[in-house]
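See structure below.
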Amino acid sequence: MLKGFKDFILRGNVVDLAVAVIIGAAFAAITASATADVITPFIAALVGAPDFSSLVIHMPVLHHVVPPSPLPANYIAPGEIHIGKFLNTVINFLINAAAIYFLIVIPMKYVMARALKPANEAPTTKVCPQCISDVPLAATRCKFCTEPLPAV
């Protein structure tokens, strides 16, 4: 029983997943700080509001609600929709998505393309001397300018 657990834990993909979760949590803290400390103040300088978290939509309340005493830290009064906090979260998500795409996905796509490309791949085309177009190796005439091609 313990041997099976040890084999499960020491499998490469489980360890990789654990590392990815830890790195992801640290990266989320970085992007949350970038949103709160860099992006939001920049947008606030353009728009004039110090932070989007103060944007609230007030809805009419159809019945009276007595607020609890003392008020909890995350208390939202009835009829208030905190759209600004949602906007801050959307901005944070977009920063995360952009950073992951530009810093991880694109470089990994480039690395994988280079790693999977065979080093000594045989050419499948030749260049037409007349129009400088790529034509298949077996072609005897260029399909673009109909110039006779030398045999390979």
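The values are calculated or read from the model by the stated rules, or taken from the named source; none is laboratory data. All figures in this text were calculated on a predicted structure; none of them were measured in a lab. Note that each Cβ is placed from the backbone with ideal geometry, even for glycine, and that neighbours are counted across all protein chains shown.
Could you list, in sequence order, the residues of region 94-113 that are modelled with pLDDT of 80 or more and either more than 9 Å from the chain's Cα centre (by Cα) or of a type in the set (S, T, N, Q) (or both)?
Of everything in region 94-113, those that are modelled with pLDDT of 80 or more and either more than 9 Å from the chain's Cα centre (by Cα) or of a type in the set (S, T, N, Q) (or both) turn out to be ILE106, PRO107, MET108, LYS109, TYR110, VAL111, MET112, ALA113.
Being under 22 Å from ALA122 (Cβ atoms), of a type outside the set (A, V, I, L, M, F, W, C) and surrounded by 10 or more Cβ atoms within 10 Å (Cβ to Cβ) is the filter here; which residues of region 142-152 pass it?
LYS143 - this is the single residue of region 142-152 that is under 22 Å from ALA122 (Cβ atoms), of a type outside the set (A, V, I, L, M, F, W, C) and surrounded by 10 or more Cβ atoms within 10 Å (Cβ to Cβ).
Taking helices (runs of 4 or more DSSP H) that do not extend beyond region 1-77, which have at least 2 residues that are closer than 26 Å to ALA99 by Cβ and modelled with pLDDT of 75 or more?
Qualifying helices (runs of 4 or more DSSP H): 12-34, 40-47.
Restricting to region 47-105, and then to whatever is free of Cβ contacts under 8 Å to residues at least 24 places away in the same chain and of a type in the set (S, T, N, Q), can you tell me which residue is farthest from THR35 (Cα to Cα)?
SER69
Report, ordered by the first and then the second residue, all pairs with beta carbons closer than 8 Å, sequence separation of six or more or different chains, a first member in region 112-127 that is assigned by TED's automatic domain parsing to the domain that holds PRO150 and farther than 27 Å from CYS145 by Cα, and a second member that is modelled with pLDDT of 80 or more and part of a loop (DSSP other than H, G, I, E, B).
none
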